[in-house]
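One structure is given below, encoded as structure tokens.
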Amino acid sequence: MTVPLLTCEFDDGTVREWHATGDGVERRTTHSYTPTLFVDGPRESLTALGDALGRDPKVDDTGFERWFTGLGDRARSTVLRVDCERTLEVRTVAREIRSAHEADASPGTLRLYNVDLAPQFRYCVETDTSPVPARPLDAVEIGLPETALRDGDVTALTADGERLGETPRDTLGKLQERLAARDPDVLCCSTARVIPFCHERAADAGLDSFRLGRAAGYEQLAGANTYESYGQVGHSPARYRVPGRATVDRSNSFLLAESGIPGLLDLVERSWRPLQETAWGSIGTILTAIQVRHALARDVLIPWNKWEPEAFKCVETLHAGDRGGFTFAPDVGLHETVVEVDFASLYPNIMCEYNVSPETVRCDCHDSADVPGLGYSICDREGFIPEVLAPIIEDRAAIKTERQRTEEPERRETLAARSAALKWILVSCFGYQGYRNAKFGRIECHESINAFAREILLDAKETLEAGGWRVLHGIVDSLWLQPVDGEAQTPIETLCERISEAASIPLECEDRFEWVCFVPVRDSGAGALTKYFGRVAGRDEYVTKGIEAVQRSTPPFVASLQRELIETLDRTRASEPVCDRLSRGLSRLRRGDVDPQSLVIRKRVSKRLDDYEQRTQTVAAVERAQAQGLTRRPGQDVAYVVVDDDRRSKARVRLAHETLGEYDADFYTTLAMRAGESILSPLGWDRDRIRRHLRGTTTQTLASYQ
């Protein structure tokens with residue numbers, strides 16, 4: 001019986017495997033592993049390439065095999081198998097084939113497959129070795145402040161939140177003792193830079209036997225880099241590993257922050273990326289790994305680069321297809337007795353219900369008009385994307401049902417983490433169809449999904465209106481409804497069942513609200529599509545979407561003040577008490593009576609310092625950080641308090657870790673006023689009216705203090 005793999009290391013053709021067994025960890029060594037890539041092209045070109053690669057010391061062996069090279073292929077192709085000596089040489093060999101060997105053939109005639117798989121993931125899928133732990137994994141949290149890293153102060157190190165010692169030798173010695181006693185499987189680090197830092201300080205302290213892993217040493221897997229995804233700049237710090245333990249970098253794991261270790265382990269099981277590679281992977285990376293497993297199970301090779309061009313379309317089809325999902329402009333204002341209904345996982349369910357997949361849309365064997373408004377045909381053969389998504393949709397629904405029925409808090413927390421992990425996969429699967437570098441994406445699928453979604457929402461709107469309900473707002477997969485005065489209403493549950501049956505996709509009653517406010521666009525009367533707040537009926541709970549209180553850059557004081565304004569509106573249903581409560585918050589700011597730590601602003605650096613054209617607060621903060629030896633690269637966060645917004649130098653701000661005293665009250669008053677305007681604008685109070693009321697306020701209402 002194969003024991004699941006926890007992690008592995010590759011060293012000069014040798015693979016050291018670490019398996020999490022029922023009573024500990026088992027170490028194995030493999031000398032015979034040869035990672036493989038494949039090449040497709042004319043037989044004579046492949047034969048010549050195989051002869052040339054036979055003389056390449058990086059290549060162990062070559063041969064011919066028969067595989068499918070595309071999802072829609074009905075017959076296998078004969079391809080050249082290239083077994084490489086070492087894992088890290090796969091891409092090197094692939095680049096040499098593309099540049100040197102392809103020069104002997106017509107450009108573009110050779111296509112490469114199974115090239116860019118992550119090393120541990122490749123090892124698991126090629127050797128059929130499961131990375132799913134057979135037992136619960138033990139994790140130790142290791143933390144170190146950024147300033148301590150800069151200053152070389154290892155005594156600031158914590159393990160599971162506990163300071164360890166007063167001297168470097170004592171601190172690292174106690175960390176070593178804790179790791180030896182616990183023998184954890186996972187190191188959760190505040191930043192992966194802790195790994196080389198601890199080993200370097202241990203060497204300085206003469207602790208020659210110090211190690212964070214189950215064996216000596218550590219390895220850098222990749223350097224830091226900046227990237228852009230969906231218009232957002234991100235930063236990936238350097239990655240490290242230690243022998244025998246999975247290392248998770250909290251500063252470089254979106255999925256860990258969203259779903260915790262239980263969510264990551266659920267994705268490990270679906271993708272077969274071992275825990276460490278899953279933790280640092282993006283949502284798209286994990287989705288691709290899941291797709292790769294399914295493709296290989298179908299004997300379909302994984303293209304290195306996507307080369308299928310967008311299909312020819314006439315101008316009318318281009319115009320019809322270049323549209324997003326359903327949007328219905330919100331009715332700005334405060335509305336009482338509101339119901340929100342949502343289609344469950346609408347876009348993934350569309351792909352499954354209507355068989356939308358790269359090889360099924362506009363296939364060669366059908367000429368029907370299956371996609372509404374576009375006329376695309378969809379093949380009857382079971383699609384690849386539905387095969388991938390259906391188990392995820394079904395499992396998430398089952399997890400949500402179990403969570404609702406479970407009373408055990410720890411179990412509920414685990415289920416919530418797993419549900420969150422799957423939610424992000426389902427959220428990304430639609431957008432990934434339109435991503436130009438997606439392994440199994442296609443723009444016609446993206447267009448078809450949107451077309452089905454628009455049709456489904458419009459049909460649902462008609463049914464709901466016929467049942468006596470008014471649509472206040474609708475976007476993508478959600479509708480907000482209010483009973484029409486003077487009309488008999490069909491129960492919303494009955495209408496949801498009727499719509500679900502017609503669309504073959506569940507429409508669920510997501511929430512009922514005592515009241516909801518839809519916020520207008522600033523300086524415009526039009527409704528903002530994604531900004532609203534309201535009181536959930538029957539629960540002591542508010543929903544806030546898109547407003548300042550849920551924006552990551554908003555200072556905690558301003559976010560807390562805005563939530564208090566919502567509570568005041570809930571109690572009074574009147575604008576004046578809300579404005580009076582805002583006035584009290586502004587007075588605290590002007591008196592200097594606010595803790596500066598609650599005024600910290602967190603912004604993401606979007607470009608290199610020299611590329612900024614405006615002297616913003618973020619620029620001042622980055623300059624201040626650099627002056628203190630704290631580098632901020634594009635994609636990283638910088639946290640600061642504005643102390644004098646009239647300045648344009650780095651003296652304009654103080655960084656969050658510095659000693660904070662005074663702050664620029666006028667600047668934060670402006671932020672608080674904007675937050676207040678978001679709450680009052682649905683009631684018809686614009687910025688000028690708020691200011692007039694504040695200027696004229698001498699006696700505040702009692703309601704603003706409750």
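Please treat every number below as a calculation from the coordinates, not as lab data. Only a predicted model underlies this, so the values are computations on that prediction, with no experimental measurement involved. Quick reminder, even Gly has a Cβ in these numbers, built from the backbone with ideal geometry, and neighbours come from all protein chains shown.
Under the classification rounded if a/c is under 1.5, otherwise prolate if a/b is larger than b/c and oblate if not, where does the chain fall, given a ≥ b ≥ c as square roots of the Cα gyration tensor eigenvalues? It comes out oblate by the Cα gyration axes. When the helices of the chain are scored as -39500 (n - 2.57) per DSSP H run of n ≥ 4 and the total is divided over every residue, the value at 222 nm lands at -12000 deg cm²/dmol. For segment 1-61 versus segment 112-142, the inter-centroid distance based on Cα atoms is 14 Å. Applying 1/(1 + (r/R0)^6) with R0 = 60 Å to the Cβ-Cβ distance of residue 590 and residue 470 gives a FRET efficiency near 0.85.
So which GluC sites (Glu not before Pro) in segment 544-617 are both in a DSSP loop and have at most 10 other Cβ atoms within 10 Å of their Cβ? Loop-located and lightly packed - 613. At full extension, residue 478 and residue 148 could sit 114.1 nm farther apart than now, given 0.36 nm per residue minus the alpha carbon distance. Assuming a ≥ b ≥ c are the square roots of the Cα gyration tensor eigenvalues, decide whether segment 124-259 counts as rounded (a/c under 1.5), prolate (otherwise, with a/b larger than b/c) or oblate. Oblate shape, in that a/c is at least 1.5 and b/c is the bigger or equal ratio. Pairs exceeding a 19 Å alpha-carbon distance, out of 400/531; 461/545; 603/650: 400/531; 461/545. The packing ranking of peptides 362-369, 428-435, 264-271, highest mean first, is 264-271, 428-435, 362-369, where packing means the average number of other beta carbon atoms within 10 angstrom of each residue. Is the C-alpha gyration tensor of segment 441-574 telling us rounded, prolate or oblate? Criteria: a/c under 1.5 is rounded; beyond that, a/b larger than b/c is prolate, otherwise oblate. The shape class here is oblate. For segment 547-705, give the magnitude of the charge dipole about the Cα centre (Cβ charges: +1 Lys/Arg, -1 Asp/Glu; no others), in debye to the nearest 20. That gives segment 547-705 a dipole magnitude of about 220 debye. A straight chain from residue 616 to residue 337 at 0.36 nm per residue would run longer than the Cα-Cα distance by 96.1 nm. The Cα-based radius of gyration and maximum Cα-Cα distance (Dmax) for segment 547-705 are 17.2, 52 Å. Taking all Cα pairs closer than 8 Å and separated by 6 or more residues, the relative contact order of the chain comes to 10 percent. Farthest towards the positive end of the charge dipole of segment 547-705, among the residues 655, 620, 558, is the Cα of 620, using unit charges on the Cβ of Lys, Arg, Asp and Glu. Loop-resident trypsin sites (Lys or Arg not before Pro) (DSSP state other than H, G, I, E or B) in segment 613-656 with no more than 16 further Cβ atoms inside 10 Å of their Cβ: 615, 647, 648. Where in segment 254-272 does the label zone of residue 411 land, with the point 7 angstrom along Cα→C-beta and an amide N cut-off under 19 Å? Within reach of a label on residue 411: 262-263, 266.
For the chain, the membrane-span-like helices by this rule, meaning whole DSSP H stretches whose C-alpha atoms cover at least 20 Å of axis and whose Kyte-Doolittle mean is -0.5 or above, are 283-297, 384-405, 409-433, 443-466, 556-572, 665-680; this says nothing about an actual membrane. In plain terms, if you count all Cα to Cα distances in segment 536-630 and split them into 10 Å steps from zero, the share in each step is 13, 33, 29, 17, 8, 0 percent.
Fewest-first ordering of 686, 40 by other beta carbons within 10 Å of each residue's beta carbon gives 686, 40.
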